[in-house]
Amino acid sequence: MSTKRLCYACDLKDDAALIEEYKKYHQEVWPEIKASISESGIIDMEIYILSSRLFMIMEVDETYTPERKQMMDAGNPKVQEWEELMWKFQQAPPGAKDGEKWLPMEQIFKL
């Protein structure tokens with residue numbers, strides 16, 4: 001099975017209390033959200049934070065496409081509930097279109 005690494009960035013609202021609350025949600029991610037991630041072809045996912053900037057690394061298999069994940073999420077009420085909740089904390093990074101929050105990052109160096 002071949003895998004691919006994808007990296008995304010998102011911003012949080014610059015509010016220390018909201019950032020701490022966001023971190024707590026990610027210590028106990030709902031089981032339905034974890035299941036939806038795995039079912040979409042995402043093998044591994046890590047999220048890092050620096051101030052109010054988030055960085056997500058995903059390892060995906062050949063079944064994963066952003067379009068497929070988006071369709072799966074649209075039909076999953078629990079994912080929609082989670083996403084609605086996350087908008088309390090997240091904000092679109094510079095250059096995002098309306099409704100976008102996680103934007104793909106461009107790789108500019110690899111050793």
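Structural remarks
- For a paramagnetic label modelled on residue 47 (point 7 Å from Cα along Cα→Cβ), amide N atoms under 15 Å away belong, within segment 60-83, to 79-83.
- Cα convex hull of the chain - mean projected area over all directions, nm²: 7.8
- In this simple spin-label approximation, residue 78 and residue 6 carry label points 7 Å from Cα along the Cα→Cβ vector, and these lie 2.1 nm apart.
- When +1 charges are put on Lys and Arg Cβ atoms and -1 charges on Asp and Glu Cβ atoms, the dipole computed for the chain relative to its Cα centre reaches about 220 debye.
- Rounded to the nearest whole Hz, the Karplus-based 3J(HN,Hα) values (6.51 cos²θ - 1.76 cosθ + 1.60, θ = phi - 60°) of segment 66-72 follow the sequence x, 5, 5, 4, 4, 5, 4, with x at glycine and proline.
No lab work stands behind these numbers, since they all come straight from the coordinates. Since the structure is predicted, the reported quantities are computational estimates derived from the model, not experimental observations. No Cβ is skipped: glycine too gets one built from the backbone with ideal geometry, and neighbour counts run over all protein chains shown.
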